[in-house]
Amino acid sequence: GLCLLVLRLFIGVHVFLVSCALPDSQLRRFIVRVMCSVLGLFVRQNDPRLRDGSVRVYIANHVTHFDHNVVSLLTSCNTPALNGAPGFICWSRGFLELGAAGSRAELVDSLRVYSSHEGNAPLLLFPEEAATNGRAGLLRFSSWPFSIMDLVQPVALQVQRPLITVSVADSSWIAELLWTFFVPFTVYQVRWMPSVPRRAEEQSEDFALRVQELLAVELGVVSTRLTAADRAEHMKRLRHTALLPFAPGTWPGSFLAPPGGLRVPSRVAGAGPSAAEDVRVAAMAQRVKEVLPHVPLEVISTDLAQTNCVDTTIANLLEGRVSFFPESKEATTDLPAPSTSQAAAASAFQGSMAVPSSKPATKHFAKSSVERHLSLQERKRALYDYARR
C-alpha cells in the first residue's frame with residue numbers, strides 16, 4: 001500500500017497537469033480516465049444513452065469528496081463550490097467558482113443565470129449536502145437545487161473498495177485521497193436514470209422528495225428525513241461522548257486496560273462484550289456512589305444503563321427525576337470513604353431532601369461549607385417550586 005501510495009502520488013501530479021492542459025472534450029475525458037485507472041480509480045456507467053443532452057441539472061447522491069470528479073470523467077459538468085473560500089484549492093479540485101454568495105437565494109439566482117447560457121456545461125448538484133457511506137439511506141434532499149430548473153436527471157452513485165471503507169465521517173478530502181492511492185482499486189458505478197420533470201403546481205420541496213424517493217429505490221436504500229444538520233449534530237455528540245471517561249470505544253486496545261486504574265479480571269475480560277459492559281457500568285456506578293453515598297447502588301446502575309453518563313445520572317438523582325429510598329449508614333460501610341467535601345455535600349443534600357427547612361436562605365456568606373451547600377439547596381428548591389407553580 002505504501003509503495004502504491006508513493007508511486008501514485010507522482011502519477012497523480014501528471015494526471016492533474018494533463019487535465020489542466022487539455023481543453024474540455026471527449027478526448028481529454030478519455031485520456032484522464034485511462035490515467036485514473038492507473039491510480040486505482042475505475043469508473044463504470046450502465047448505459048450512456050440514458051443521459052439526456054437537454055438536461056441542465058444533474059442530481060446525484062453524495063458518497064465521497066470526489067463524486068463530481070468521477071462524473072466529469074463521463075460527461076461535461078460543473079459543481080459549484082458551496083463550502084470554503086474560492087481559490088487555487090477550490091479550482092484544483094474541479095469546483096465551479098461563483099464568487100461569495102451571501103445566501104441560498106443569491107446562489108440559486110447565480111446558478112439560474114449560469115444555466116440560462118447554452119454554452120455552459122450542465123450542473124451536477126448534491127442535495128444531501130453531506131457525504132454518507134451510501135449503505136443505509138439518503139439524507140433529506142434540500143429544495144434549492146430543484147428551484148433552478150424544471151427538468152432534472154437523477155444519477156445514482158455507488159462506490160466499492162476492498163479492505164478499507166469508502167467514506168468516513170469527518171474525514172478530510174486529503175485523507176480520503178491518500179487512502180484511495182493506498183488501496184489496490186476503487187470502483188465507481190454510475191447509473192443514469194430517466195429525466196424527471198416538475199409537475200404542474202408542484203413545489204420545490206415536493207419535487208425534491210419525489211426525486212429522493214426515486215434515487216432511494218434505485219440504490220436499494222431508505223429515504224430518510226434526516227438532514228445534513230442532523231448529521232453534523234450527531235457527529236458533535238459522538239465527539240463529546242468520546243471525550244467522556246469510560247465512553248464506549250474510547251479505551252485504547254481493549255477492555256483489558258481501561259483508564260482510571262480499574263482492573264478487569266481475566267475471566268471477565270474474556271467473557272465477551274456483555275461482561276465488559278457490566279464492568280464498565282459497575283465502575284461508573286462506583287463513581288456516582290462516591291458522590292452520592294446515600295443512593296442505592298441498584299438505582300444508580302439502572303439509571304446508568306439508560307443514560308450511559310456519570311454526570312447525567314448524578315443530575316437525575318439530584319433533581320429528583322429518579323425516585324429512591326436513601327440507604328442507611330450500615331449499608332454503605334463497605335464502600336470507600338468519600339472525600340470530606342463530597343461527604344459534606346451529600347449529607348447536606350440528604351438533610352435538605354429529608355427535612356426541608358422553612359427558614360429563608362441566608363443573606364450572608366456562611367463560613368461553613370455545609371451551611372453554604374444547605375443554603376444553595378434551599379434556593380434551588382425554591383426555584384424548582386416556583387418553576388412548577
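The values are calculated or read from the model by the stated rules, or taken from the named source; none is laboratory data. This structure is a prediction, so every number in the text was calculated from the model and none was measured. Cβ coordinates were reconstructed from backbone atoms using ideal geometry, including for glycine residues, and neighbour counts include every protein chain displayed. SASA here: full protein model, heavy atoms, side chains in, ligands and nucleic acids out. Shrake-Rupley method; radii C 1.70, N 1.55, O 1.52, S 1.80 Å.
Computed over the Cα atoms of the stretch 147-228, what is the ratio Rg over Rh, Rh following Kirkwood? If you can, show how the numbers build up before the last one.
On the way: Rg = 16.3 Å, Rh = 15.2 Å.
Using only Cα positions, Rg/Rh for the stretch 147-228 is 1.07.
Could you work out the relative contact order of the stretch 278-319? I mean the mean sequence separation of Cα pairs under 8 Å and 6+ apart, divided by the number of residues, in percent. Working shown, then result.
On the way: 28 pairs, mean separation 17.2, N = 42.
RCO, the stretch 278-319: 41 percent.
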task = Place the peptides 40-52, 117-129 in order of packing, highest mean first, counting for every residue the other Cβ atoms within 10 Å and averaging per peptide.
result = 117-129, 40-52
remark   = Heavy-atom accessible area of the stretch 69-160 with neighbours in place, 1.4 angstrom probe: carbon+sulfur share in percent works out to 51
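On a full-extension model of 0.36 nm per residue, what is the gain between ALA200 and SER115, subtracting their alpha-carbon distance, rounded to one decimal in nm?
Working: separation 85, 0.36 × 85 = 30.60 nm, distance 2.15 nm.
Difference between extended and current length: 28.5 nm.
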request  = Give a residue-ordered list of calculated ³J(HN,Hα) values for the stretch 294-305 (Karplus: 6.51 cos²θ - 1.76 cosθ + 1.60, θ = phi - 60°; whole Hz; x for Gly, Pro).
outcome  = 7, 8, x, 5, 5, 5, 5, 5, 5, 6, 5, 5
Stretch gain in nm, segment PHE324-LYS367, where the contour uses 0.36 nm per residue and the Cα spacing is subtracted = 12.3 nm
task = Could you order peptides 192-202, 172-182 by the average number of other Cβ atoms within 10 Å of their residues, highest first?
result = 172-182, 192-202
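Using the Kirkwood formula over every pair of different C-alpha atoms, what hydrodynamic radius in Å results for the stretch 278-319? It would help to have the intermediate numbers written out before the result.
Numbers: mean 1/r = 0.1028 Å⁻¹.
After inverting the pairwise mean of 1/r, the radius is 9.7 Å.
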remark   = Share of accessible surface on carbon and sulfur in the stretch 278-319, whole %, 1.4 Å probe and ligands ignored, is 54
Reach of LYS367 by Cα under 19 Å, taken over aspartates and glutamates that are not fewer than 8 positions away in the same chain = GLU378
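Assuming R0 = 45 Å, what is the FRET efficiency of VAL13 and VAL217, from their Cβ-Cβ distance, to the nearest 0.05? Intermediate results must be reported in sequence, preceding the final value.
On the way: r = 41 Å, r/R0 = 0.91.
With R0 = 45 Å, the Cβ-Cβ based efficiency is 0.65.
Which whole number in µm²/s is D for the stretch 1-158 by Stokes-Einstein, with the Kirkwood Rh taken over Cα pairs at 4 °C and 1.567 mPa s? The partial results should precede the final answer.
Numbers: Rh = 16.9 Å.
Answer from the Stokes-Einstein relation: 76 µm²/s.
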note = Between ARG49 and THR302, Cβ-based FRET efficiency (R0 41 Å, step 0.05) works out to 0.10
